[in-house]
Amino acid sequence: MLKRGNVHPVLATVLKRLGLGLFTWLMVSVIIFASITMLPGDFTEAVLGQAATKETIVAFRKELGLDQPAIVRYGEWLLGVAQGDFGTSFSGRAASGQDRSRLVMDLVAPRLQNTLFLAGITAIIAVPLALFLGLTTALYRNSLYDRIVNAVALTTISMPEFFLAYILILLLASLWPILPSLANVNTEMALPERLIRIALPAMSLTLVIIAHMMRMTRAAVINLLALPYVEMARLKGATRTAVIMKHVLPNAWAPIATVIAFNLAYLVVGVVVVEVVFVYPGIGQLMVDAVTSRDIPVVQACALIFAVTYILLNLIADIIGIITNPRLLHPR
Amino acid sequence: MTTNSTSDTRQKNDLLLEMRDVRIEGFSSGRWHPIIKGIDLTLKSGEVLGLIGESGAGKSTLGLAAMGFARPGCKIVGGSIVFDGQDLAQLPESAKRHLWGTRITYVAQSAAAAFNPAHRLIEQTIEATVRAQISTSTEARKDAVALYRSLQLPEADTIGNRYPHQVSGGQLQRIMTAMAMAPRPDLIIFDEPTTALDVTTQVEVLAAMREIVASCDTAAIYITHDLAVVAQMANRIKVLRYGEEVEEADTPIMLSAPKQDYTKSLWSVRALQKPERDSMDVLLEIDHVDAAYGETPVLFDVSIVVPRGKTVAVVGESGAGKSTTARVITGWLPQSRGEVRFKGVSLPNALKSRSVQQLRQIQMIYQMADTAMNPRQTVEEIIGRPLEFYLGLKGAARERRVIELLHMIELNENFADRLPSELSGGQKQRVCIARALAAEPELIICDEVTSSLDQIVQEGILRLLMCLQEEFGITYLFITHDIATVRAIADEIVVMFQGRVIEQGTKSAVLNPPYPEYTQRLLSSVPEMDPSWLDRLLAERSRDAA
């Protein structure tokens, strides 16, 4: 594949996207840092209260490094991250009595694990289900089945996610109490127990994301059905299923993968409302709490994770788009 | 090939397909309209029937109906389609599927669109054969390579491993023929298989298709709007118009003595002739121009002289640089070397640096009238825009002029309020001509303006262009790959090949011997009405090659 010493176009694109991703992430971190710095009030006042003396505040600020100019603090933080050090949380520092402060990593890691667990389980259910529904509605388009599936999907996507969550709690935890309404998992729990605990949040999220993916699959497939090569496939005697699976789907992956990536990213970064409803200890809640208390190191770490999630998932979608397109994979 | 015993037992001259009183309806603007109005068609084993007519005559619909297939939005509402004892009009699709791709196969008009971009060519070639278990995958591959070879495809052993975008249009069309041939069907439907090809490529594809159909003794329905092509391929010709049969006869009889006026009129473009005129007054001069798309050079040292008030035809196959030359003249593609002079004054290379007057003097008409017009604008807006932009006409004056222009293109004023979607193909092209005329240009560049039109509509457009030239002394630079058109309207001819000008001269000089080698090849590739033309040509070429 290496022609005339050139890098294969797929690899070149991946490298280019990675570089762009890194740049995007830097921009995001600057924006987050700047916006938190510009927020009125600061961490010391929030923790020590209005009654604190000037000396305590100055001492506390010094301990946190807040006496330094913003640009220096940003630079030091960036340097730390480059070496794998995300810093120490502002909470529970010595100036507030005794030193109970924790490393940002220790705070974020278990929460991220929980989030990825919930996102992973949801994805395992939602993605195949969405693809199946999208393909079958395209295959039997304008049938009663198609209309019902579309109507239900549109209904669930049109409702706020907390509302869906409460309906599920009402039905499955209150009226017919078969599932727990609280999803307060911890690391000691066995897997089956954890799965039962997250059943309701996973269901709510599935309902939220399935419509997008299903409708994009359906639209992408239907778009291609009118093309001459699809007619040709039929005239070569292929069954409806064979036409869709062999001749349509391979050409439809690019848009479908993009929407799936977008929804998976949402599962990691955008589910704080569902976490709150089910009291689920995910990373969304952690970030919201950290923003409230101006805990800059934690906010920055979360923002970094969110940015990386988006960038990586979109990169994967791009790569899928390239490898399913022979024009790009096998240039003339 | 291992199986298909049916065709071994069937005798030549057995009736293979019998369509009786076939009626097909299509759904448009909210109701069902008849498309095919009761046509009978019979085909014997090993026989080739040509279906001919202008677009909208229902040729493709009838061809697909011979497979028992109706496109979405169409339905077979009456009649019988008996193929080898089974009535396809009554059979459910699941049963017809067993015939499709194995006993009846289909060759589509645009091979580039009919191949799935996601799969290798050989996979698509053997798909139906392997699925129907006519042969194993290994045998089918071997057979496919043999077919590729007999269709004279280059690198027959490996070409199948490529993807559709990696081979040329003419090669794709031959691979599609191989695909249709792979299961050794009893019947092949060829749906305008060479319409999208250059004349030089067309000859090779025609020869390959005819050879393989004859050697396998396959019956075929050959659909085309080109009489000369069908004359080479078919034993019998059926002429269709408005979904009805006009007449049917054996090929030699049909060519020499057509009975119906309509059939005679299909010949008419070839009868169009224009006396050649001489003029010394130079309007446009392209002087040693080189041009490139990015890094890829496409024009090399192109020099063309366009005399005032005459028609200069630029001919050559696709990729010869004809349209690129037009882009250089209009300033769309600034040349990297050389000069374009209009009335002796050098034109700035780039479009942006040309004055409104310079822009007004050169107008263009495009091949696809469809895409050259804003679908949301009425005819009046389309024609009125250049009137306002170049000539500053407004209000009632503009309206009056639009109506005058409509009369010039032989349409009445009722057309002013129509949208492009409410016009026929020929009418659309007329509106584009009116739009070019509105600027009162001295030079109009016509880029394949009749290529996507039927013979009869083509003739009308060409006559109109000639009339306008007569009346207003407009100069045309006429880009085309159709030699019949060139014979009809050109005063001078420029032959281009691979980005270079091979020769320029008066029509009589270029179209008569002695020819440079490429011109000879191009001219001899133009199909003639004589049914023995292809045989003669192939014989001549193999003699020359030997």
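If you check B:Ala95 against the conditions, is it outside any strand (DSSP E or B), farther than 21 Å from B:Gly26 by Cβ and more than 8 Å from chain A (Cβ to nearest Cβ)? Taking the combined requirement at face value, the residue satisfies it.
Whether any residue in segment A:223-242 is more than 10 Å from chain B (Cβ to nearest Cβ), surrounded by 17 or more Cβ atoms within 10 Å (Cβ to Cβ), part of a loop (DSSP other than H, G, I, E, B) and not basic (Lys, Arg) is what I want to check. No, because not a single residue in segment A:223-242 is more than 10 Å from chain B (Cβ to nearest Cβ), surrounded by 17 or more Cβ atoms within 10 Å (Cβ to Cβ), part of a loop (DSSP other than H, G, I, E, B) and not basic (Lys, Arg). The residues in segment B:102-130 that are at the interface with another protein chain (Cβ under 7 Å from one of its Cβ atoms) and not hydroxyl-bearing (Ser, Thr, Tyr) can be counted, and the count is 9. Checking each residue in segment B:285-302 for being within 16 Å of B:Gly331 (Cα to Cα), within 30 Å of the chain's Cα centre (by Cα) and not hydrophobic (A, V, I, L, M, F, W, C) picks out B:Asp290, B:Tyr293, B:Gly294. Do any helices (runs of 4 or more DSSP H) entirely within segment B:102-150 hold 2 or more residues that are closer than 21 Å to A:Thr239 by Cβ, without any contact (Cβ under 8 Å) to a residue 60 or more places away in the chain and under 28 Å from the mean Cα position of the chain (by Cα), and if so, which? Passing ranges, in order: B:121-131.
When restricted to residues that are assigned to a helix (DSSP H, G or I) and at positive phi, segment B:387-419 contains 1. For residues that are hydroxyl-bearing (Ser, Thr, Tyr) and at pLDDT below 90, scanning just segment B:461-492, find the one that is surrounded by the most Cβ atoms within 10 Å (Cβ to Cβ). Among those that are hydroxyl-bearing (Ser, Thr, Tyr) and at pLDDT below 90, it is B:Thr485. Within the set A:Thr187, A:Thr217, A:Thr155, the sole residue that is more than 14 Å from chain B (Cβ to nearest Cβ), polar (S, T, N, Q) and buried (at least 19 other Cβ atoms within 10 Å of the Cβ) turns out to be A:Thr217. Note on segment B:352-364: residues that are surrounded by 15 or more Cβ atoms within 10 Å (Cβ to Cβ) and either part of a helix (DSSP H, G or I) or touching an Asp or Glu at 6+ places or on another chain (Cβ under 7 Å) (or both) amount to 5. Of the residues making up segment A:250-286, those that are within 30 Å of B:Pro183 (Cα to Cα) and surrounded by 21 or more Cβ atoms within 10 Å (Cβ to Cβ) are A:Asn251, A:Ala252. When B:Ala416, B:Ala369, B:Ala436, B:Ala397 are checked against the criterion of being in contact with a strand residue (DSSP E or B) (Cβ under 8 Å, 6 or more places away or on another chain) and assigned by TED's automatic domain parsing to the domain that holds B:Ile479, B:Ala436 stands alone in meeting it. Note on segment B:43-78: residues that are within 14 Å of another protein chain (Cβ to nearest Cβ) and either part of a strand (DSSP E or B) or touching a residue at least 12 places away in the same chain (Cβ under 8 Å) (or both) total 12.
Tallying residues that are basic (Lys, Arg) and farther than 11 Å from B:Gly384 by Cβ within segment B:401-419 yields 1.
For segment B:43-56, a residue qualifies if it is within 17 Å of the chain's Cα centre (by Cα) and surrounded by fewer than 24 Cβ atoms within 10 Å (Cβ to Cβ), and the qualifying residues are B:Glu54, B:Ser55, B:Gly56. Residues that are at negative phi, more than 10 Å from chain A (Cβ to nearest Cβ) and in a loop (DSSP other than H, G, I, E, B) do occur in segment B:80-88. Of the helices (runs of 4 or more DSSP H) lying entirely inside segment A:117-202, those containing at least 3 residues that are in contact (Cβ under 8 Å) with a residue 24 or more places away in the chain, out of contact with any Cys (no Cβ under 9 Å at 6 or more places or on another chain) and closer than 30 Å to A:Met216 by Cα are A:144-158, A:161-168. Note on segment B:398-446: residues that are closer than 30 Å to B:Leu240 by Cβ and of a type in the set (D, E, K, R) amount to 5. Screening B:Pro375 on (1) modelled with pLDDT of 90 or more; (2) part of a loop (DSSP other than H, G, I, E, B); (3) not aliphatic (A, V, I, L, M) shows it passes everything except condition (1).
For segment B:22-42, the criterion of being surrounded by 19 or more Cβ atoms within 10 Å (Cβ to Cβ) and part of a loop (DSSP other than H, G, I, E, B) is satisfied by no residue at all.
The set of residues from segment B:312-329 being out of contact with any Phe, Trp or Tyr (no Cβ under 6 Å at 6 or more places or on another chain), modelled with pLDDT of 85 or more and not β-branched (Val, Ile, Thr) comprises B:Gly321, B:Lys322, B:Ser323, B:Ala326, B:Arg327. Kindly indicate the residue of segment B:291-317 that is among the small types (Gly, Ala, Ser) and either crowded, with 23+ Cβ neighbours inside 10 Å or touching a helix residue (DSSP H, G or I) at 6+ places or on another chain (Cβ under 8 Å) (or both) and also farthest from B:Gly170 (Cα to Cα) among those meeting that condition. If we take residues in segment B:291-317 being among the small types (Gly, Ala, Ser) and either crowded, with 23+ Cβ neighbours inside 10 Å or touching a helix residue (DSSP H, G or I) at 6+ places or on another chain (Cβ under 8 Å) (or both), then B:Gly309 is farthest from B:Gly170 (Cα to Cα). You will find that of B:Arg463, B:Arg487, B:Arg430, the residue that is assigned by TED's automatic domain parsing to the domain that holds B:Gln357, in contact (Cβ under 8 Å) with a residue 12 or more places away in the chain, of a type outside the set (S, T, N, Q) and closer than 19 Å to B:Thr371 by Cβ is B:Arg430 and no other. Looking across segment A:315-332, the residues that are free of Cβ contacts under 8 Å to residues at least 60 places away in the same chain and either within 14 Å of chain B (Cβ to nearest Cβ) or of a type outside the set (A, V, I, L, M) (or both) come down to A:Pro326, A:Arg327, A:His330, A:Arg332.
To keep it simple, each residue is scored yes or no on (1) within 12 Å of another protein chain (Cβ to nearest Cβ); (2) farther than 26 Å from B:Thr138 by Cα.
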position: B:Leu151; (1), (2): no, no
position: B:Asp157; (1), (2): no, no
position: B:Tyr163; (1), (2): yes, no
position: B:Gly169; (1), (2): no, yes
position: B:Ala178; (1), (2): no, no
position: B:Arg184; (1), (2): no, no
position: B:Phe190; (1), (2): no, yes
position: B:Asp198; (1), (2): no, yes
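The values are calculated or read from the model by the stated rules, or taken from the named source; none is laboratory data. For clarity, every value in this text was computed on a predicted model and none was experimentally measured. Because the Cβ atoms are built from the backbone with ideal geometry, glycine has one as well, and the counts that use them run over all protein chains shown.
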